[in-house]
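K.L.:
Pasting in a structure now, in structure tokens, and then I'll have a few things to ask.
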Amino acid sequence: MIDLNNIAQRPLLIAGPCSAETEEQVLETARRLKNTGKIDIFRAGIWKPRTRPGSFEGVGETGLPWLVKVKQLYDLPVAVEVARAEHVALCLEHGIDMVWIGARTTVNPFAVQEIADACAGTNLPVMLKNPINPDLSLWLGGMERLIKSGIKQVAAIHRGFSFAGEKIYRNRPQWQIAIDFKTEMPDVPMINDPSHICGRRDILHKVAQKAMDLDFDGLMIESHITPDLAWSDASQQITPEIYADLIRDLIIRDTKPALDQRDELHRMRKEIDLLDDELMQILIARMDIARRIGLYKKKNNLTILQTSRWMEILEKFKNRAANAQLSEEFISRMIKTIHDESIEIQENVMNQK
Ligand code: PEP
Ligand code: MN
């Protein structure tokens, strides 16, 4: 039996189709996934909250007995997405082993609370996807609702955040939000869902590998027997055999250094700590000057931003980044953040009565 509080082997592997479509498709996917020897939990969506009406919205309750067959035939625990209390009741009735709350539901505290209440007092493990918008509090808040209602086994699923603009990913990973979640709730296992992050097959492995290197506890990956013909999320699904290759090719590194590696790592970390101290001192000194400049500008009635001066600074940093083999994007993001704070400080000083 799966115990989310005690994951026997990292990564916990959850795989299965985006949607249950027909009994044959579900059973054949499960058979071939079981054959890979690389699956702990079988997933399939039967109630599908879709962005636009008219897309396939799931087979509904009809699909539950198919999943029960997967349990019996292939000895796999089964998981489905729930969005309402009545879904939970039906899952419990049929003996579904585990449920997850989808990204479109996590945004709604009423819905999460309703599901939490429906699960209270049962042994049903519940996984919570991040909300579609990059809001850490909403994700943490959803998890607090589950834990407060007494649910004993929970996990978080990182599936990326929707955004407008140029797209490599279907949903931008914004890894820092998942790391912040882990920092706030270190006891809650964190599962990565590369399928919904990528929305395409060619970069699934790269994202899954990154999750492993960030010490995630598990992976949820969509797999379909004929991915191109899938009724939902066709472009991101992979066959069970390609899924097996992907898992086989992952490098699972140790989460803790061995005894003989500790000294060297410790020395390098000490070096980092010293530099971080210096970085702090420099920032303190820099903001102090910003305060003095604010006073000067107030006295002499000058604007905070002098665009040409700012453009010079930005250009200088970008050139230096290129010469020092640092990412230009990172350096410009860093100096913009520092500059922003400096403006904020000057603004405070200048508007002080
Ligand atoms: C899914 O897992 O198929 C799904 C709908 O995911 P998400 O809630 O992450 O969009
Ligand atoms: Mn999907």
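K.L.:
Counting DSSP beta bridges in the chain, what percent are antiparallel, to the nearest 5?
P.N.:
Once the DSSP bridges in the chain are tallied, antiparallel ones form about 5 percent.
K.L.:
Mind telling me which of R248, R200, R267 comes out most flexible in a GNM of the chain, alpha-carbon contacts under 10 Å?
P.N.:
So, out of R248, R200, R267, the one fluctuating most is R267.
K.L.:
Just report the Cα centroid separation between region 259-274 and region 90-137, whole Å.
P.N.:
Centre-to-centre distance over Cα atoms comes out at 41 Å.
K.L.:
With a/c under 1.5 counting as rounded, go ahead and sort region 259-351 into rounded, prolate or oblate using the C-alpha gyration tensor (a ≥ b ≥ c being the square roots of the eigenvalues; past the cut-off, prolate if a/b is larger than b/c, else oblate).
P.N.:
Cα axes put region 259-351 in the oblate bin.
K.L.:
Charges on Cβ only, +1 for Lys and Arg, -1 for Asp and Glu, centred on the Cα centroid of the chain; of Q261, L305, T337, which one is farthest towards the dipole's positive end?
P.N.:
So the residue furthest toward the plus end is L305.
K.L.:
Just F330, F42, F181 to compare: in a GNM of the chain, with alpha carbon springs under 10 Å, which one fluctuates most?
P.N.:
Largest GNM mean-square fluctuation: F330.
K.L.:
Quick one: order L326, L204, L67 by neighbouring beta-carbon count within 10 Å, fewest to most.
P.N.:
Sorted ascending by nearby Cβ count, the order is L326, L204, L67.
K.L.:
Kindly put I147, I96, I289, I115 in sequence by how many other C-beta atoms sit within 10 Å of each C-beta, fewest to most.
P.N.:
I289, I147, I96, I115
K.L.:
Answer with one residue from M190, I272, T51: the one whose Cα lies farthest towards the positive end of the charge dipole of the chain, charges on Cβ with Lys, Arg +1 and Asp, Glu -1.
P.N.:
I272
K.L.:
With bins 10 Å wide starting at 0, give me the P(r) of region 12-249 over every alpha carbon pair, in whole percents.
P.N.:
8, 35, 40, 17, 0
K.L.:
Continuing with this model, one more query. Size of the dipole of the chain about the Cα centre, Lys and Arg at +1 and Asp and Glu at -1 on the beta carbon, nothing else charged, in debye to 20?
P.N.:
1140
K.L.:
A further question follows. Work through the residues other than L90 whose Cβ is under 13 Å from its Cβ and net out their charges, Lys, Arg +1 and Asp, Glu -1.
P.N.:
-3
K.L.:
If I fit a long axis through the Cα atoms of helix 136-148 and take the longest principal axis of the Cα atoms of the chain, what angle between them do I get, 0 to 90°, rounded to 10?
P.N.:
It is inclined by approximately 50 degrees.
K.L.:
Round to the nearest 10 and give me the degree value, 0 to 90, for the angle of helix 259-300's Cα axis relative to the longest principal axis of the chain.
P.N.:
So the inclination is approximately 50 degrees.
K.L.:
Hey, what angle do you get for helix 328-351 against the long axis of the chain, alpha-carbon based, 0 to 90 degrees rounded to 10?
P.N.:
Computed tilt is about 60 degrees.
K.L.:
For V82, V70, V107, V207, which order do you get if you count the other beta carbons within 10 Å of each Cβ and list the fewest first?
P.N.:
V107, V207, V70, V82
Bear in mind these aren't lab numbers, they're just calculated from the coordinates by the rules spelled out. Since we're looking at a predicted model, the values are computed, not measured. Neighbour counts run over all protein chains shown; Cβ positions are idealised from the backbone, glycine included.
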